[in-house]
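All remarks here apply to the structure that follows.
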Amino acid sequence: MPIFFESKQLVTPGDLLAEGDYLAGNNTHAEASRIYASRLGLVFYEEKRVSVVALNAFYIPSIGDLVIGKITEVNISGWTVDINAPYSALLQASDVVSKFKPQRDDLSRIFDVGDLVLAKIVNYDRTRDPLLTVREPELGKINRGQIVKITPTKIPRVIGRKGSMINMLKKETGCGIVVGQNGLILVDGERPEDERLAIMAIHKIEQEAHTSGLTDRVTEMMRKEREAVK
C-alpha cells in the first residue's frame, strides 16, 4: 500500500497520492484503489486518511520574505516562531545575542512566548524549518499597533502594482503599515480611528481582490467613512 509523497509536500491536481487501503480526505478523490489530489496544496497522511490543504489557506515560505510571527516556544538555543505556515520557523539566539552563552543569557527576557516579531526568512529549502533573522533595520519585537490577518495569496493585491495600493492606504489613513508576506499586516496609527479605517480598507481589498477598479472603490469608501464620523 504505497504512498507517493511525504506529508507536507506540495502536490498539484491529478497527482497520485496513495494506492491501496486509504480513505480520501479533503481536496482529494478516489478512483478504484487510488487517491488523487483535487487541489493545489500540501498533502497530509493521517493513518489511513489522505488529505490536501489548499494552497491559499496558508503561507509557503520563501527566502527574503518579510514575515510577522508569534513566539511559541523559548528553548536553549533560540525561539520557535509561528509564521502562519505549515512549518514553524526558527530564530537562533546567535542571530540576536552576540557571544551567546546558554548558561548566562535568559532568552525569555529578549523575546517571550506570545511576543510578536517582524523578521525576514534567510534560509528555507523544504528539508528544514524556515530560518529567520531580525538583524536588519526595523526588524525585531513589535511593541505597538494592531495585527490584521488575511489570506496570504491576497497580499500582492494589498501591495498593488509598484506599491500603488499600500502607498494609497498609508496616505489616506496616516498609518504606518507593514505587510508580511505570510498574510499578517501591522497597522500603526496615531489614533484608533485611523487604524480602524486602515483595517476596514484591508479587509475590503481581501474580499474584492479579484475585481477591477478596486483602488478607486477603496479610496471612496475611506473618504465616506471619514465624512461619516465628522
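Regarding Ser51, is this residue hydroxyl-bearing (Ser, Thr, Tyr) and under 23 Å from Phe4 (Cα atoms)? The answer is yes for Ser51. Residues that are assigned to a helix (DSSP H, G or I) and without any contact (Cβ under 8 Å) to a residue 40 or more places away in the chain within region 208-230 comprise Asp216, Arg217, Glu220, Met221, Lys224, Glu225, Arg226, Glu227, Ala228, listed in sequence order. Scan region 184-212 for residues that are out of contact with any Leu (no Cβ under 9 Å at 6 or more places or on another chain) and of a type in the set (Lys, Arg) and jot them down. Listed by number, the residues that qualify are Arg191, Arg196.
Taking strands (runs of 3 or more DSSP E) as the structural unit, those lying wholly within region 11-59 and holding at least 1 residues that are under 30 Å from Lys120 (Cβ atoms) and out of contact with any His (no Cβ under 7 Å at 6 or more places or on another chain) correspond to 41-46, 49-54.
Taken over region 16-44, the criterion of being open to solvent by less than 40 Å² (accessible area, probe 1.4 Å) and under 18 Å from Pro86 (Cβ atoms) is satisfied by Leu17, Gly25, Thr28, Ala37, Gly41, Leu42, Val43. When residues in region 208-222 are screened for being open to solvent by 90 Å² or more (accessible area, probe 1.4 Å) and modelled with pLDDT under 90, 2 of them pass.
Among the residues examined, Glu47 qualifies as farther than 22 Å from Pro61 by Cβ, at pLDDT below 90 and open to solvent by 40 Å² or more (accessible area, probe 1.4 Å). Please work out which one of (1) free of Cβ contacts under 8 Å to residues at least 40 places away in the same chain; (2) in contact with a Gly (Cβ under 8 Å, 6 or more places away or on another chain) is the condition Leu23 fails and give its number. Every listed condition holds for Leu23 apart from (2). A residue that is in contact (Cβ under 8 Å) with a residue 40 or more places away in the chain and open to solvent by 30 Å² or more (accessible area, probe 1.4 Å) occurs nowhere in region 189-196.
The values are calculated or read from the model by the stated rules, or taken from the named source; none is laboratory data. Everything numeric in this text was worked out from a predicted model, so none of it was measured. Cβ sites come from the backbone with ideal geometry, for glycine too, and all protein chains shown count toward neighbours. Side chains included, ligands, DNA and RNA excluded: accessible areas come from the protein's heavy atoms. Shrake-Rupley method; radii C 1.70, N 1.55, O 1.52, S 1.80 Å.
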